[in-house]
Amino acid sequence: MKKIEAIIQPFKLDEVKEALKGIGIDGMTITEVRGHGRQKGHKEIYRGQEYNVDLLPKVKIEMVIPSGRYEEVLKTLAAAARSGKIGDGKIFVYDVAEAVRIRNDDRGEAAL
Amino acid sequence: MLTSSPGGNGTVSHDTFLATGDALIALAERTLAVDAVVSRAAAEILLPAVPSGAAVLAVGGYGRRQLFPYSDIDLLLLFQSERLAVEQKETVAAFLQRLWDAGLRISQSVRTPGECAELHEHNAELNVSLLDQRFLTGDRALYAALAEKLPRFVQANRESLVRNLARLARERHAKYGNTLYHLEPNVKETPGGLRDYQLVCWLSQLREAPAGRIEAADTAPELAQAFRHLARLRCFLHCLAGRDSNLLSFEAQDAIAEQWDAGDTARWMREYYRHARAIYRGAVRDLDRAEAASSSLLVQFRDWRSRLGNADISVHRERAHLRAPQRLEMEPELVLLLFEFTARHGVRLSLEAEQQVAARLPRLRGQFGEIGGLWRALEAIWSLPYAPLAVRSMHETGVLTGLFPELAHMECLVVRDFYHRYTVDEHTLVAIQNLWEIGGPFRDLRSEVTRPALLLFALLFHDSGKGASSGPGGHVAGSVKLAQAAAERIRMPAQDREIVLFLIRKHLELSAVMQSRDVFDPQTVDELARQLETVERLKLLTLVTYADISAVNPAAMSPWRAEQLWQVYMMVYNALTRELETDRIPARAPLEAGRPEQVGFLEGFPTRYLRTHTESEIAGHMALEAQSRARGAAVEIRRLEAAWQMTLVARDRPGLFAGAAGTLAGFGMNIVKAEAFANRRGVVLDTFMFEDPMRTLDLNPTELERLRTLAERVIAGRSDVRELLRHRPRPALPSRKARIPARVSFNSAASGTATLIEIVTEDRPGLLYDLASAISANGANIEVVLIDTEAHKAIDVFYVTAEGKKLDEPRRQRLDEALRKVCGAGG
């Protein structure tokens, strides 16, 4: 099993969800986050006052998928999240040792 | 369809309920069955070991004989002494185990009579549960001792018990957002649920309990009926889930509609809300009464509030009463006065006043149409500090739908949506409330809104199209249609109507942009700026969006989302103000519009001018320009709703804007907004919105003409404004410790041809004149001005040039120093 963690642009969330749904991936956790990588923040001046927009709004998607599908999921996710500009985000992949469905004690991929 | 239970003593009422559909029979039957099981187990295990000094009592819902099919069984094991209870620990364990084996979910407590008659500040539930205690089996003498003690204890601690009970209830209400209109309510815990019905009973018991005994209280028939309805629902939910589940989920709502053939879900959910509302109102009324009675500070405050009364309305116990309700027959305006009172003072209507209004509602509905100037009356109410409370009262009494039948179908309407928590009407009321309680940087925006009633009207109708027949454009198109009909009926002026319909039409726009567009993309920002056209509209729409999102559910407006909305606002604001200077009307625009006569006048004005002025206003400005050709300048002054407006047209010359501002300051006028633009031919059009704090123009009509003539003379260079100001006392410059620290910033990158100066400082009379004079005195020419005032803060944006170019560095420094001096910000 693999855990996929993707930091994407907020406005790409619906597109990414739809694309993943299209390949049968429904389960995911979404978090509203702030951050920046190479896309540094910038300054906005509003009525003479400077506002530092150094941490930009992003969305974090987390999901655990069967190992056999992770290439396909990565490709789909990246394609849907891509706008071609700086700030499109990153995807990280981790190995997962175990998964348990708390309701009935299912283990491993059966619990996904 | 539901089927019979798998069996067992714990579920005996499951089958009874399904067979009879009567919850009260089912509750009583389960109570009897459980009584038998508990008594048998006690006779076999507990009482042989402890023949005297122990008794078993039913408490809580079980004590009231209201055992729902899968409710827990609340037992009190009463022991003579703590020592005896400790000695019999194993016997008690065996007794309880027998009950669990019989399929009962037991919640037990072991106490002595002394402990039962103690106040438990941190376990108020224990004291409350004893109000419903009932002897089951065991030592009768021991129980008699408790039965004698309890009423005396209640009598002596009535105030504390009420306080604890009220605290628990208020905490529970707050947990559910203090509203009963949840899309998936919990029939036990949500405000207006069974717990609130019980609260009414307990408060009545505590209030009326005679010294010697505690008796179950009778409730009003309306409440008793509501209890039967909710009890039936709860029984159904237990049977459906096969456990103690009280959530009226969407699935459960559908199952009930199918099982009871109750027609469409929306209709019977309205029935649920009607009953829950009866219970909630009773509970809140009794809570208010109980809390007021137990707080001397509140009593003093209440007495003070009673002085707010007037010739039509009296205040008694924090509630507004009509002095002569019979006058409602002849004077429908009295209803509006009642709500104005609520909106002004934050005093809720009394139950009597609500009933008096509700009783006359059918007649009032016909009369509302006859009230002249209805929009003006509503605007007066909706501009007051407690307007949201007044709107809620209007809604609860049915007056709101009496005034606006267009809103009737959204009442108690459930629209299933994963994110929405409330019914459509409650969402609307919460949105209005949120607008008044708005925080963060949005609070400043809200304080700049001079006519909040327009926002309130827009919010009231923004979702009115939900539940109406869906057509092209979804609910938004439906909402616009309904709002338009209502606005026309109450004779809302066309300009106001245009604003509210715009807000309703676009109320999802900013949310959609935040969700599906890159808000940092300049194209997104420009596109929004093009749609919204003016800063005023942007402000209003931002506020509507904030209120709407935050009323979806309590967590919907997360700090993350609020920040996103603020960024969108800031960027579009900047795009709109920058556009003032860069985006000019080309000559072809009037030609394309078929108005060649306008070319000379309009060419070179900011495009904003076309968007913010109607054809008749443009015609008026052109007429002024014609006059100015003969006289050198032409000035028009007219009265607006809450302020005055001076419009002037003249050939541009240095110091012109400062002269006009100085003339108004010389007359003691307070400028709140101003705009100044020049066209390609060097003709300037300046507009000043000003207040007349001393009411000089109202009280001395001849002064109006004197001001107009003088302004014309000053602008044409025939009078010296300095002379005029010499005769007026010079206002003190703000101190360095002013509440609003002054900021002066220069930006040469914002415009291709001019330097932008943005000044934020504490407002004072004559400020604009001083700033404009400082700019002129330093050889700079004012190209565009946008002046705004929010409360005591002045926000002034000037686009200036010197000799046709942006300011060079030495001049920028000189001007910076001069402007800081004017603002009192130092060098």
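No lab work stands behind these numbers, since they all come straight from the coordinates. Everything numeric here is computed off the predicted structure, so don't read it as measured data. As a convention, Cβ positions derive from the backbone with ideal geometry for all residues, glycine included, and neighbour counts pool all protein chains shown.
Against the main long axis of the alpha-carbon atoms of chain A, helix A:13-22 sits at an angle near 20°. Normalised size of the protein assembly as shown, defined as Cα radius of gyration per 2.2 N^0.38 Å with N residues, equals 1.19. Taking the charge dipole of region B:745-827 about its Cα centre, with +1 at Lys and Arg Cβ atoms and -1 at Asp and Glu Cβ atoms, the residue from B:824, B:810, B:787 reaching farthest to the positive side is B:810. Per residue, the convex hull spanned by the Cα atoms of region A:2-111 measures out at 125 cubic angstrom.
Once the Cα atoms are used to define both axes, helix B:474-489 deviates from the longest principal axis of chain B by about 70 degrees. Sorted fewest first by neighbouring Cβ atoms within 10 angstrom, B:436, B:644, B:382 come out as B:436, B:644, B:382. If the Kirkwood radius is taken over C-alpha pairs of region B:413-486, then at 10 °C and 1.306 mPa s the Stokes-Einstein diffusion coefficient equals 117 µm²/s. Each stretch of four or more DSSP H residues adds -39500 (n - 2.57); spread over every residue of the protein assembly as shown, this sum gives -15500 deg cm²/dmol at 222 nm.
With the charge dipole of chain B set up from +1 on Lys and Arg Cβ and -1 on Asp and Glu Cβ about the Cα centre, the Cα lying farthest toward the positive end among the listed residues B:314, B:660, B:202 is that of B:660. In chain B, a dipole from Cβ-located charges (positive for Lys and Arg, negative for Asp and Glu) runs towards its positive end, and of B:231, B:135, B:605 it is B:605 whose Cα lies farthest in that direction. Pairwise inverse Cα distances across region B:296-403, averaged and inverted, put the Kirkwood hydrodynamic radius at 13.9 Å. Expressed as a fraction of 2.2 N^0.38 Å, the value expected for a compact globular protein of N residues, the C-alpha radius of gyration of chain B is 1.24. Here the Kirkwood formula, the inverse mean of 1/r across different C-alpha pairs, assigns region B:161-292 a hydrodynamic radius of 15.4 Å. For chain B, relative contact order (Cα pairs under 8 Å, six or more residues apart, normalised by length) works out to 6 percent. Rounded to the nearest 20 debye, the dipole size of region B:17-129 about its Cα centre is 220 debye, using +1 on the Cβ of Lys and Arg and -1 on the Cβ of Asp and Glu.
Each Lys and Arg adds +1 at its Cβ and each Asp and Glu adds -1 at its Cβ; summed about the Cα centre, chain A shows a dipole of about 380 debye. Computed over region B:14-150, the range of Cα coordinates on each principal axis works out to 48, 33, 25 Å, biggest value leading.
Beyond a 30 Å Cα-Cα separation, which of these cross-linked pairs lie in this structure: A:21/B:481; A:60/B:793; B:466/B:539; A:21/A:90? Where the Cα-Cα span goes over 30 Å, the pairs concerned are A:21/B:481; A:60/B:793. Considering only Cα atoms, the convex hull volume of region B:432-582 works out to 124 Å³ per residue.
A P(r) calculated from all alpha carbon pairs of region B:592-823, with 10 Å bins opening at zero, reads 7, 33, 37, 19, 3, 0 percent.
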